[in-house]
Amino acid sequence: MKTFMANPATITRKWYVVDATDMTLGRMATEIAAVLRGKNKPIFTPHADTGDYVIVVNAEKIKLTGKKMEQKTYFRHSEYVGNWRLIPIKEVLKKHPERVVEHAVKGMLPKGPLGRQMYKKLFVYVGPEHKQAAQKPEVLTFK
């Protein structure tokens, strides 16, 4: 008996929608990263992109535990000498709440071309509406 290895011809992809209302950021991001990577499927192959598409709605309603709202920061650099900034997560949540979810999930995906390909299957929206209604996404629930 031979070991099954997935290839692009044998992969079927589904669309899932996740409502981020009152979900803890890190716990939600780990589950989403596993679905994007395909680890929830029996055909998971580490060197192939076997994952599904994930749509996250209500990104502004995530919650953070502990003192992260006051202490967590994001590092940004403009490539000019000495021009780096630490931006508090509170500011990012006010201006661009979708970036918080995207950053958390991207950090949990593999680094390199395969991880970038997986990341392109993530769609994050502020508010309950999304543009992928034609794909008929299923609701994804976590334990």
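The values are calculated or read from the model by the stated rules, or taken from the named source; none is laboratory data. If you're wondering where the values come from, they're calculated on a predicted model, not measured in any experiment. All Cβ positions, even for glycine, are placed from backbone atoms using ideal geometry, and neighbour counts span all protein chains on display. All accessible areas refer to the heavy atoms of the entire protein, side chains included, with ligands and DNA or RNA removed. Shrake-Rupley method; radii C 1.70, N 1.55, O 1.52, S 1.80 Å.
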Inset, instruction - Would you pull out the residues with amide H under 5 Å of residue 56's amide H, same chain only if 5 or more places away, H placed 1.01 Å from N? - result: 18, 123, 124, 125
Legend entry - In degrees, nearest ten, helix 25-37 long axis to first principal axis of the chain (Cα): 30
Inset, instruction - Just order 108-114, 53-59, 133-139 by mean Cβ neighbour count inside 10 Å, highest at the front, would you? - result: 53-59, 108-114, 133-139
Inset, instruction - Please report, as a whole percent, how much of the solvent-accessible surface of region 38-114 comes from carbon and sulfur atoms (probe radius 1.4 Å). - result: 55
Legend entry - Three-way shape call for region 52-109 based on the alpha-carbon gyration tensor, with the a/c threshold at 1.5: oblate
Legend entry - Loop sites in region 26-123: GluC sites (Glu not before Pro), DSSP, at most 14 other Cβ within 10 Å: 79
Legend entry - 12 Å beta-carbon shell around residue 135, net charge (K/R +1, D/E -1): +3
Legend entry - Helix axis angle, 97-106 relative to the chain longest principal axis, alpha carbon, degrees: 50
Legend entry - Candidate values (1) 46, 41, 25; (2) 61, 33, 26; (3) 56, 37, 29, label of the one derived for Cα extents along the principal axes in Å: (3)
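Let me know the shape class of region 30-84, please: from the alpha-carbon gyration tensor, a ≥ b ≥ c as square roots of the eigenvalues, rounded when a/c is under 1.5, otherwise prolate if a/b is greater than b/c, or oblate.
Oblate, since a/c reaches 1.5 and b/c is not below a/b.
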Inset, instruction - Please arrange 84, 15 by accessible surface area, largest first, computed with a 1.4 Å probe and ligands excluded. - result: 84, 15
Legend entry - Cα convex hull of region 1-67, projected area averaged across orientations, nm²: 5.8
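So, for the chain, what is the accessible surface per residue at a probe of 1.4 Å, expressed in square angstrom?
With the other protein chains kept in place, the chain gives 67 Å² per residue.
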